[in-house]
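**Student:** I have a structure I would like to understand better, so I am pasting it below and will then ask my questions one at a time.
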Amino acid sequence: MKNNKYIWIIIVIIVVVVIIVAVKSPRPASNNSFTVGAVLPLTGPAALWGETVKNGMELALEQKTGIKVLYEDSKSTAADGISAYNLLQNKGVDLTVSETSLVAVPLSKIALERKSPLLVSLVAAEHSKIVNDYTTRYYTDPTNYAMPAFTDPLSPVIKAKKIALLNRNDELGVSVKDKIVELSATNNKEVVIQESFTPNEKDYRTVLTKIKNSGADVFIFVVANPLEAVGIVKTANELNIGIPMIESSAVFADLDTRKQVGDITFYSSSYDFSLPSKAIDFKVAYKAKFGKEPNFGSAFGYDIVNLIDVCKNKKEVVRECLSGVNQIDGVAGTAKQVAPGDFVVPMHLEKVN
């Protein structure tokens, strides 16, 4: 009898332990949760954009339920971006988010092949090179990058006759360059010199000397990160280039990047988000949480979480759901779906210093 008693005591103890372990063990996500995989440049030359987009997403997630985000580092390269994407796919995410043309363009092709929804931002490649049946863009396009230099009343291009053009040699740079060349012809401007540079180039002295001696009235350049933007403006200033400079890729829309060039005068494309009267509540909340001012990257991160929230309950048709949203008045600006799967926010030109 005593032995039986001890056996029952042992059985009870085992049951209690099993229950405690089960309660304390992590439980798999509910089938009602929507899991987002985010491939962002958290290190490397474009890390500014990865950090700010992630911060914007995190701020938006504080107000949402049923959405979980898993982050992976693209390291600002296509190869690492693809590896990060594959890792997230193996975790069974419902939707992947990515940014920058260098990473997002190849991922869009993979997403189409695998029939896996992809939402990209901070990508200004041509519509046909980024948007497809499984890839949605929420950002802007080459036309909106290039247009402010030709239409904004502030722009020195309006009175200029001869244009010098320098662009990053990748999907982003070439797409915007082609649009600038097109707009130059339409507006009776002559592109007297057109040069390109390798992504993340550090020495611009030779190419900018050519531009200085080209006889151009104005200099337009297209970059992708602060390293390139600051390098070009500082070198041009050192060479006394002597003509107005216009950055047509919104990198200097980031106020911290502007500070890196001191009091040098130039022009930069920007989103309405940068205007003091826009997105006031968001800017206050962002600064309170992260201790610094947000930029347009954080605004797009915030807005894309809000867009995902609209479609989180339609896992099987998430791409179709995204396409069914015609317009979003987000903190980055008013995004209109100009073509199926392509949300575009317009820009304006700002004079810096």
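**Student:** Looking for something among the small types (G, A, S), over 17 Å from I130 (Cβ atoms) and free of Cβ contacts under 8 Å to residues at least 24 places away in the same chain - is there at least one such residue anywhere in region 69-77? Walk me through how you get there before you give the answer.
**Tutor:** Taking region 69-77 first, the residues among the small types (G, A, S) are 74, 76.
Subset that is over 17 Å from I130 (Cβ atoms): 76.
In the following step, the residues that additionally are free of Cβ contacts under 8 Å to residues at least 24 places away in the same chain were identified as none.
Taking every residue of region 69-77 in turn, none turns out to be among the small types (G, A, S), over 17 Å from I130 (Cβ atoms) and free of Cβ contacts under 8 Å to residues at least 24 places away in the same chain.
**Student:** Same structure again: In region 133-152, how many residues are part of a loop (DSSP other than H, G, I, E, B) and aliphatic (A, V, I, L, M)? Spell out the reasoning first.
**Tutor:** Our first condition is that a residue be part of a loop (DSSP other than H, G, I, E, B); within region 133-152, this holds for 133-134, 140-141, 147, 152.
Subsequent filtering for residues that are aliphatic (A, V, I, L, M) retains 147.
Matching residues across region 133-152 total 1.
**Student:** Let me ask something else about it. Which residue is nearest to D263 (Cα to Cα), if the candidates are limited to region 296-328 and must be among the charged types (D, E, K, R) and touching a strand residue (DSSP E or B) at 6+ places or on another chain (Cβ under 8 Å)? Even if it seems obvious, please write down each step before you answer.
**Tutor:** First, the residues of region 296-328 that are among the charged types (D, E, K, R): 303, 309, 312, 314-316, 319-320.
With the extra rule that they be touching a strand residue (DSSP E or B) at 6+ places or on another chain (Cβ under 8 Å), the set shrinks to 303, 309, 312, 315, 319.
On the way: D303: 32, D309: 42, K312: 46, K315: 50, R319: 45 Å.
Residue satisfying both the conditions and the ranking: D303.
**Student:** Here is a follow-up. State yes or no: is I308 part of a helix (DSSP H, G or I) and over 30 Å from T265 (Cα atoms)? Steps first, please.
**Tutor:** Working: part of a helix (DSSP H, G or I): yes; over 30 Å from T265 (Cα atoms): yes.
Yes: the conditions hold for I308.
**Student:** Under 8 Å by Cβ, and 6 or more places apart or on different chains, what pairs join a residue from region 311-331 that is not assigned by TED's automatic domain parsing to the domain that holds Y134 and of a type outside the set (D, E, K, R) with one that is crowded, with 21+ Cβ neighbours inside 10 Å and at pLDDT below 85?
**Tutor:** Between residues of region 311-331 that are not assigned by TED's automatic domain parsing to the domain that holds Y134 and of a type outside the set (D, E, K, R) and residues that are crowded, with 21+ Cβ neighbours inside 10 Å and at pLDDT below 85, there is no close pair.
**Student:** If you take the residues of region 182-200 that are surrounded by 17 or more Cβ atoms within 10 Å (Cβ to Cβ) and assigned to a helix (DSSP H, G or I), which of them is farthest from the chain's Cα centre (by Cα)?
**Tutor:** Among those residues, the one meeting the criterion is S184.
**Student:** Quick one: V53 ticks every box in (1) within 14 Å of the chain's Cα centre (by Cα); (2) at pLDDT below 95 bar one, so which box is it?
**Tutor:** Result: V53 passes all but (2).
**Student:** Which of the residues belonging to region 277-330 are farther than 26 Å from G341 by Cβ and either of a type in the set (S, T, N, Q) or modelled with pLDDT under 90 (or both)?
**Tutor:** S277
**Student:** Moving on. As an exercise: evaluate D303 against (1) in contact with an Asp or Glu (Cβ under 8 Å, 6 or more places away or on another chain); (2) surrounded by 15 or more Cβ atoms within 10 Å (Cβ to Cβ); (3) in contact (Cβ under 8 Å) with a residue 12 or more places away in the chain; (4) not aliphatic (A, V, I, L, M) and give the number of the one condition it does not meet.
**Tutor:** (1)
**Student:** If you don't mind, there's one more thing I want to ask. Of the numbered conditions (1) buried (at least 24 other Cβ atoms within 10 Å of the Cβ); (2) outside any loop (DSSP other than H, G, I, E, B); (3) within 22 Å of the chain's Cα centre (by Cα), A124 fails exactly one; give the number of that condition.
**Tutor:** (2)
**Student:** Right, another one. If you scan region 147-172, which residues turn out to be modelled with pLDDT of 95 or more and within 17 Å of the chain's Cα centre (by Cα)?
**Tutor:** R168
**Student:** Evaluate the following for E247: is it under 26 Å from D141 (Cα atoms), in contact (Cβ under 8 Å) with a residue 60 or more places away in the chain and among the acidic types (D, E)? Lay out the reasoning, then the answer.
**Tutor:** Details: under 26 Å from D141 (Cα atoms): yes; in contact (Cβ under 8 Å) with a residue 60 or more places away in the chain: no; among the acidic types (D, E): yes.
It is false that E247 is under 26 Å from D141 (Cα atoms), in contact (Cβ under 8 Å) with a residue 60 or more places away in the chain and among the acidic types (D, E).
**Student:** Take region 88-121 and flag every residue that is in a strand (DSSP E or B), within 18 Å of C311 (Cβ to Cβ) and in contact (Cβ under 8 Å) with a residue 40 or more places away in the chain.
**Tutor:** Just the residues of region 88-121 that are in a strand (DSSP E or B), to begin with: 95-99, 118-121.
Okay, now just the ones that are also within 18 Å of C311 (Cβ to Cβ), so 95-98, 118-121.
Hits for region 88-121 are L95, T96, V97, S98, L119, S121.
The values are calculated or read from the model by the stated rules, or taken from the named source; none is laboratory data. The structure presented is a predicted model; accordingly, all values stated were derived computationally and were not measured. Heads up, the Cβs are rebuilt from the backbone with ideal geometry, glycines too, and the neighbour counts pull from every protein chain shown.
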